[in-house]
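Below is one structure, written out as structure tokens; comments come after it.
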Amino acid sequence: SRNYCVTTQFAFQENEIKLLTAEIERLKNFGCLGVSPSLEGLRDENAKLKYRLNFLKKSLQEERSKSTKSMININSCLQEIFGAAIQAAYPDLENPPLVVTPSQQPKFGDYQCNSAMGISQILLKTREQKVIPREIAEKIAKNIPDNECIEKVEIAGPGFINVHLRKDFVSKQLSSLLINGVQPPAIGKRKKVVVDFSSPNIAKEMHVGHLRSTIIGESMCRLFEFAGCDVLRLNHLGDWGTQFGMLIAHLQDKFPDYLTVSPPIGDLQAFYKESKRRFDTEEEFKKRAYQCVVLLQSKNPDFIKAWNLICDVSRREFQKIYNCLDITIIERGESFYHEMMKDIVKEFEDKGFVQVDDGRKVVFVPGFPVPLTIMKSDGGYTYDTSDLAALKHRLCEEKGDILIYVVDSGQSVHLQTVFAAGQMIGWYDPKVTRVAHAAFGVVLGEDKKKFKTRSGDTVRLIDLLEEGLKRAMDKLKDKERDKVVLTPEELKAAQTSVAFGCIKYADLSHNRLNDYVFSFDKMLDDRGNTAAYLLYAFTRIRAIARLANIDEQMLRKAAREEVLVLDHEKEWKLGKCILRFPEILQKILEDLLLHTLCDYLYELATTFTEFYDSCYCVEKDRQTGQIVKVNMWRLLLCEATATVMAKGFDILGIKPVQRM
């Protein structure tokens with residue numbers, strides 16, 4: 001009988017088999033094998049075909065061997081099983097609903113298939129057949145194919161199918177996790193993913209508004225990289241435009257020898273404000289600023305040098321923040337696309353999409369009331385032109401399969417218009433290529449208003465990070481970790497881990513679509529769903545084996561030899577929770593909502609606490625405190641929990657420490 005769990009695991013190999021078969025048929029029909037050096041001695045066409053077939057089969061076997069390490073997504077596995085059962089029970093039903101979810105209570109099994117109610121409605125509407133859902137559920141249950149993961153099913157209530165997993169199946173998957181490490185679920189063909197995030201403006205300091213894009217974007221990149229995608233991390237800097245005219249003009253006045261002596265611009269924010277004040281109040285300066293823009297855009301070497309000097313000062317400041325938050329990103333600002341904009345305008349003109357409105361060249365996109373302005377009346381380009389050029393480059397030059405823009409919700413209409421324009425002109429087909437706006441809300445202060453300093457200024461991001469470090473150290477010292485528990489080096493590592501981990505987690509643990517209140521007190525609280533709680537929980541779990549004198553080598557040996565017994569209800573609950581990790585990641589890959597991972601890690605930590613309180617991992621003599629028994633299978637459950645938590649932290653960009 002067909003093993004549906006294994007089928008799920010190797011879905012992408014099945015596709016390769018189809019492609020291989022089609023190719024062999026093509027070769028048979030047309031004989032176009034192509035001769036490589038290894039085939040030169042094979043003159044007979046049949047021998048060539050046989051050689052090619054064996055080579056491809058061997059490659060496929062190697063791929064299968066690699067994929068056996070992938071973690072099985074149990075939910076997907078069950079969906080495939082019930083999909084087959086529904087197909088067998090109702091072969092004429094097109095696109096029947098397939099609903100499989102984890103059960104909320106143990107008495108209802110481990111998972112539930114809730115498709116019967118939906119099928120009942122479809123039969124009534126399309127065929128005028130009144131069939132009660134319970135009968136449908138029974139028919140589905142009778143048609144469940146043989147598989148390795150389901151122990152039994154029960155029909156409950158009006159037509160719920162309660163699924164009980166086999167304990168040996170769960171135990172086997174946990175052993176595989178311990179032996180192979182946390183591996184991504186098999187997701188098919190390797191995809192190119194382009195993520196646009198962070199994107200501050202040159203000559204302006206990064207502020208709290210850049211925090212969300214930077215943190216969310218980095219985490220998304222880590223997730224797609226873990227899933228096996230080729231990820232391009234792009235920083236779409238605001239490094240081009242009319243503001244550089246006033247900056248360069250001010251630079252010439254303040255540091256006239258800038259071409260030979262590097263100007264000591266210490267505070268670029270103040271420098272920007274001075275130039276803006278002069279631009280707004282001095283007419284002569286304003287005229288010169290416009291002339292500087294023209295000379296910059298014509299690539300005058302002296303003005304390019306001035307532009308580079310200003311950009312370099314900003315880059316150094318940005319990099320300090322990226323280093324603190326462990327951000328990896330490639331700079332590709334608006335200037336990168338400048339030379340492409342002329343061709344963008346021409347392409348839209350050639351295809352008849354351009355209208356002239358009061359001297360401006362605009363493009364109306366169906367379904368969007370405000371047009372894109374791709375050229376101003378003075379012949380200059382706009383943000384619309386720049387964003388269209390970036391979109392085309394990412395689609396046509398970078399060959400992105402998935403494009404993600406991590407940009408605030410205020411840009412939603414603009415980005416959707418740009419995406420629709422790209423689709424309209426034929427750059428991509430949304431059925432083939434995914435172009436998504438991962439929008440996010442604003443950061444609020446504890447007064448529920450936009451997060452500002454007491455003087456009403458925007459909060460500088462570097463100040464926020466430094467305040468986080470100070471508060472994290474205060475928290476550690478309040479708990480007297482600096483006196484007897486940690487060495488100075490461990491204390492410093494714990495401070496950094498807690499400070500930056502808490503800031504990241506406070507953001508990521510909220511639904512990105514919503515605004516959230518920034519509160520150091522809440523994020524540093526070691527109770528509840530916070531990074532502080534999870535980091536402490538992680539170090540405690542890691543310490544269990546260490547205090548029992550069980551090292552990594554002993555754990556690896558036990559993982560290969562021990563059977564994970566899951567007889568206690570808390571062992572069973574923890575084992576199932578650990579194995580839900582792949583389905584959590586799959587959901588986030590689809591909806592890009594990272595708070596789901598935070599919720600899962602908190603659930604895993606609290607489920608572990610229930611297990612640890614009920615099940616002795618290490619048994620000690622009550623009088624002497626000496627270890628009398630080590631329950632190795634339970635230590636392996638501890639290790640599996642910590643391994644999954646560590647990978648979850650890694651995806652979130654949080655660095656745990658061994659001692660806290």
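The values are calculated or read from the model by the stated rules, or taken from the named source; none is laboratory data. Here the structure is a predicted model, which means the values were calculated and not measured. Note: ideal-geometry Cβ built from the backbone for every residue, glycine included; neighbour counts use all protein chains shown. Ligands, DNA and RNA are excluded from the accessible area calculation, which covers all protein heavy atoms including side chains. Shrake-Rupley method; radii C 1.70, N 1.55, O 1.52, S 1.80 Å.
When Gly209 is tested against (1) part of a helix (DSSP H, G or I); (2) within 23 Å of Asp110 (Cα to Cα); (3) open to solvent by 30 Å² or more (accessible area, probe 1.4 Å), exactly one condition is not met: (2). Filtered by the rule that a residue be open to solvent by 50 Å² or more (accessible area, probe 1.4 Å), within 28 Å of Val563 (Cα to Cα) and at pLDDT 95 or above, the stretch 127-153 gives Glu151, Lys152. In the stretch 62-72 there is no residue that is in contact with a Phe, Trp or Tyr (Cβ under 9 Å, 6 or more places away or on another chain), of a type in the set (A, V, I, L, M), at pLDDT 95 or above and closer than 23 Å to Lys167 by Cα.
If you check Glu225 against the conditions, is it assigned to a helix (DSSP H, G or I) and over 24 Å from Ile654 (Cα atoms)? Spelling it out, it is not the case that Glu225 is assigned to a helix (DSSP H, G or I) and over 24 Å from Ile654 (Cα atoms). Annotation: Tyr616 fulfils all but one of (1) touching a His at 6+ places or on another chain (Cβ under 8 Å); (2) free of Cβ contacts under 8 Å to residues at least 60 places away in the same chain; (3) open to solvent by 20 Å² or more (accessible area, probe 1.4 Å); the unmet one is (1). All of Ser219, Ser176 fail the test of being part of a helix (DSSP H, G or I), under 30 Å from Glu562 (Cα atoms) and touching a residue at least 40 places away in the same chain (Cβ under 8 Å), apart from Ser176.
Could you count how many residues in the stretch 456-495 are over 19 Å from Arg527 (Cα atoms) and of a type outside the set (A, V, I, L, M, F, W, C)? Qualifying residue count, the stretch 456-495: 15. If the condition is being more than 15 Å from Cys617 (Cα to Cα), touching a residue at least 60 places away in the same chain (Cβ under 8 Å) and in contact with a Phe, Trp or Tyr (Cβ under 6 Å, 6 or more places away or on another chain), then the stretch 523-568 contributes Asn529, Ala531. Restrict the check to the stretch 295-315 and report whether at least one residue is aromatic (Phe, Trp, Tyr), within 33 Å of the chain's Cα centre (by Cα) and over 30 Å from Gly188 (Cβ atoms). The answer is no; no qualifying residue exists.
Quick grid of which residues meet (1) surrounded by fewer than 16 Cβ atoms within 10 Å (Cβ to Cβ); (2) closer than 18 Å to Leu237 by Cα:
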position	(1), (2)
Asp387	no, yes
Leu391	no, yes
Glu397	yes, no
Ile404	no, yes
Gln411	yes, yes
Ala421	no, no
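Within the span defined as the stretch 449-460, one or more residues are outside any helix (DSSP H, G or I), in contact with a helix residue (DSSP H, G or I) (Cβ under 6 Å, 6 or more places away or on another chain) and open to solvent by less than 30 Å² (accessible area, probe 1.4 Å). Does any residue in the stretch 397-423 that is over 11 Å from Arg434 (Cα atoms) and in contact (Cβ under 8 Å) with a residue 12 or more places away in the chain come within less than 7 Å, Cβ to Cβ, of a residue that is assigned to a loop (DSSP other than H, G, I, E, B) and hydroxyl-bearing (Ser, Thr, Tyr) six or more places away or on a different chain, and which pairs are these? Once the first residue is over 11 Å from Arg434 (Cα atoms) and in contact (Cβ under 8 Å) with a residue 12 or more places away in the chain and sits in the stretch 397-423, its partners that are assigned to a loop (DSSP other than H, G, I, E, B) and hydroxyl-bearing (Ser, Thr, Tyr) give Gly422/Tyr428.
Of all residue pairs spaced 6 or more apart or on separate chains, those with beta-carbon atoms under 9 Å, a first member in the stretch 254-279 that is in contact (Cβ under 8 Å) with a residue 60 or more places away in the chain and of a type in the set (A, V, I, L, M, F, W, C) and a second member that is part of a loop (DSSP other than H, G, I, E, B) and open to solvent by less than 40 Å² (accessible area, probe 1.4 Å) are Leu268/Ile202; Leu268/Ala203; Phe271/Ala203; Phe271/Ile265. Are any residues in the stretch 559-570 in a helix (DSSP H, G or I) and either surrounded by 20 or more Cβ atoms within 10 Å (Cβ to Cβ) or in contact with a strand residue (DSSP E or B) (Cβ under 6 Å, 6 or more places away or on another chain) (or both), and if so, which ones? Selection gives Ala559 alone. Looking only at residues of the stretch 89-106 that are outside any loop (DSSP other than H, G, I, E, B) and β-branched (Val, Ile, Thr), we find that the one that is nearest to Arg134 (Cα to Cα) is Val100.
Only a single criterion out of (1) open to solvent by 70 Å² or more (accessible area, probe 1.4 Å); (2) outside the structural domain of Phe224 (by the TED database) is not satisfied by Asp343, namely (2).
Please determine, by comparing only the residues of the stretch 599-613 that are more than 24 Å from the chain's Cα centre (by Cα) and of a type in the set (D, E, K, R), which one is surrounded by the fewest Cβ atoms within 10 Å (Cβ to Cβ). Looking at the filtered set, the residue picked out is Asp613.
Is it the case that Leu635 is touching a Gly at 6+ places or on another chain (Cβ under 9 Å), closer than 22 Å to Thr539 by Cβ, of a type in the set (A, V, I, L, M, F, W, C) and in a helix (DSSP H, G or I)? So Leu635 fails the test. Here Asn529 fulfils each of the conditions (1) open to solvent by less than 70 Å² (accessible area, probe 1.4 Å); (2) not in a loop (DSSP other than H, G, I, E, B) apart from (2).
Would you pick out the residues in the stretch 267-292 that are more than 30 Å from Ile462 (Cβ to Cβ), open to solvent by 80 Å² or more (accessible area, probe 1.4 Å) and of a type in the set (Lys, Arg)? Within the stretch 267-292, just Lys287 meets the criteria.
Taking the condition assigned to a helix (DSSP H, G or I) and buried (at least 21 other Cβ atoms within 10 Å of the Cβ), does Leu234 pass? Answer is no for this residue.
Could you list, in sequence order, all residues of the stretch 357-366 that are of a type outside the set (Lys, Arg) and at pLDDT 95 or above? Let's see the steps before the verdict.
Restricting attention to the stretch 357-366, the residues satisfying the condition of being of a type outside the set (Lys, Arg) are 357-359, 362-366.
Answer for the stretch 357-366, where residues must be of a type outside the set (Lys, Arg) and at pLDDT 95 or above: Val362, Val363, Phe364, Val365, Pro366.
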